[in-house]
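Each remark here refers to the structure printed beneath this line.
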Amino acid sequence: MENKKEMRNWLNEFNLTHPFVIAGPCSAETEDQVLKIAHELKDSDVSVFRAGIWKPRTRPGGFEGVGEIGLKWLQKAKAETGLLMGTEVATAAHCKLALEHDIDVLWVGARTTANPFAVQEIADTLKGTDKIVLIKNPVNPDMALWLGGVERLYAAGIKNLGVIHRGFSTYEKTKYRNIPEWQIAIELQNKFPDLPLIIDPSHITGNREMILEVTQEALDLNYDGMIIETHIDPDNAWSDAAQQVTPDALKQIFKDLKVRKVSGDTDEYANKMTKLRANIDVLDANLLELLGKRMKVADEIGQVKKDANVAVLQNTRWNEILGKMILEGEKKGLSEEFVLRMFKAIHQESIGHQDKVLNA
């Protein structure tokens, strides 16, 4: 699959003066709930109304969606508001029902993206469709799996494609429900700059108070739009209550968001950026030089351990370093999350160097 300007055609056809927006409840619960939310959103920046019809739950016994009847509610909402309708599909049967009910936007969820057999089944069922089909990143941070899903859909002749960044699962406790791992989405953006990229701050944060913050970060990275879960009574939603916002709160988010220009258009801007980027280049080179020196010390430590027949991993020492570096990082304006990730990577590389020496 190659990047093509035509990948943006479906998005350009909306002729928007603001980012593309998909919004609506995590789950369709009742006909009245769907219609009330749709009418609240019809005169806003929202282009597509979303509602979960089938809800994959981690454990059995939870609310798994209202099923096919919810598609009829979406049809009614479309007729009354003029909004396009969107929902998640996970099986061929879901796809067929969604097409029968003229759903405009379909997306493949994170759990489904992780299963190439399921994605291929969906691609085969939707072959040649002119519907907009989006694919969320897989649960785990795997760029190849994410792109593989896009490629399967593309190979099935589906031209109106896009991707949704909803963050990645982790065992670590962070402020996010699913950590963004922005660099993965940036890498995808670099490979396919014309493939529409949409942020899902609801699933990244799991917290309605953080929706604006994460959406703004995405827009600052030139994302094309957002998909935000919106409910008239979020606290009593049947699923994912904590991450849903009210229609009024969503409209305020639209007002508070700042859409940046892709690049500056003055000589002053260009000159300042040239100087600052040159400075960054020098600092990056110094960082690599320091890391190289650190790994040479790690090699020497590995030799000492080899001579004394001592194991590579020393947890006490590692925890001491980590605690100290987090505190030092905070003094220098670095987040705990960044310091942890950076030093875990450095530690892993150091272990690799020492292990190589021990087994030479």
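The values are calculated or read from the model by the stated rules, or taken from the named source; none is laboratory data. Because the structure is a prediction, the values reported are computed rather than measured. No Cβ is skipped: glycine too gets one built from the backbone with ideal geometry, and neighbour counts run over all protein chains shown. For accessibility, only protein heavy atoms count, side chains too; no ligands or nucleic acids. Shrake-Rupley method; radii C 1.70, N 1.55, O 1.52, S 1.80 Å.
Key figures for this structure:
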| item | result |
| --- | --- |
| Förster radius 35 Å - calculated FRET efficiency between N359 and I280, Cβ distance, rounded to 0.05 | 0.40 |
| I37, I321, ranked by accessible area, largest first (probe 1.4 Å) | I321, I37 |
| Rounded Å value of the spacing that divides the Cα centres of segment 203-244 and segment 104-146 | 21 Å |
| Sparsely packed trypsin sites (Lys or Arg not before Pro) within segment 298-351, loop by DSSP, other Cβ within 10 Å at most 14 | K332 |
| Additional length obtainable on full extension of the chain from K324 to N309, 0.36 nm per residue less Cα span | 2.6 nm |
| When the chain is reduced to its Cα atoms, the Kirkwood hydrodynamic radius in Å | 22.8 Å |
| Nonlocal amide H pairs with R177, under 5 Å, H built at 1.01 Å | T205, G206 |
| Probe 1.4 Å - accessible area at V139, Å² to nearest ten | 40 Å² |
| Pair E31, M342: separation of 7 Å Cα→Cβ label points (nm) | 5.8 nm |
| For segment 1-101: rounded, prolate or oblate by the Cα gyration tensor [a/c cutoff 1.5] | oblate |
| 10 Å Cβ shell holding at most 12 others, DSSP loop, GluC sites (Glu not before Pro): longest site-free stretch of the chain | 173-360 |
| 15 Å cut-off, amide nitrogen to a point 7 angstrom out along D299 Cα→Cβ, residues in segment 335-360 | 350-360 |
| In sequence order, calculated HN-Hα J values of segment 122-137 (Karplus, 6.51, -1.76, 1.60; Hz; x Gly/Pro) | 5, 4, 5, 6, 8, 3, x, 5, 9, 5, 7, 10, 10, 10, 6, 5 |
| J(HN,Hα) series, segment 291-304, from Karplus relation 6.51 cos²θ - 1.76 cosθ + 1.60, nearest Hz, glycine and proline x | 5, x, 5, 5, 6, 5, 5, 4, 4, 5, 4, x, 5, 4 |
| Trypsin sites (Lys or Arg not before Pro) restricted to segment 44-107 and DSSP loop, no more than 13 other C-beta within 10 Å | R57 |
| Largest-first principal axis extents, alpha carbons of segment 111-152, Å | 29, 18, 15 |
| Mean separation of Cα contacts under 8 Å, 6 or more apart, over the residue count of the chain: relative contact order % | 14 percent |
| Computed E for A92/N9 - FRET, C-beta separation, R0 25 angstrom, nearest 0.05 | 0.40 |
| Rg to Rh quotient for segment 240-307, alpha carbon positions, Kirkwood Rh | 1.37 |
| Where only C-alpha atoms are counted, convex hull volume of segment 160-239 per residue in Å³ | 114 Å³ |
| Segment 62-171: chymotrypsin sites (Phe, Trp or Tyr not before Pro) in DSSP loop, at most 11 other beta carbons within 10 Å | Y171 |
| Overall Cα dimensions of segment 205-360 - principal axes, largest extent first, Å | 67, 52, 29 |
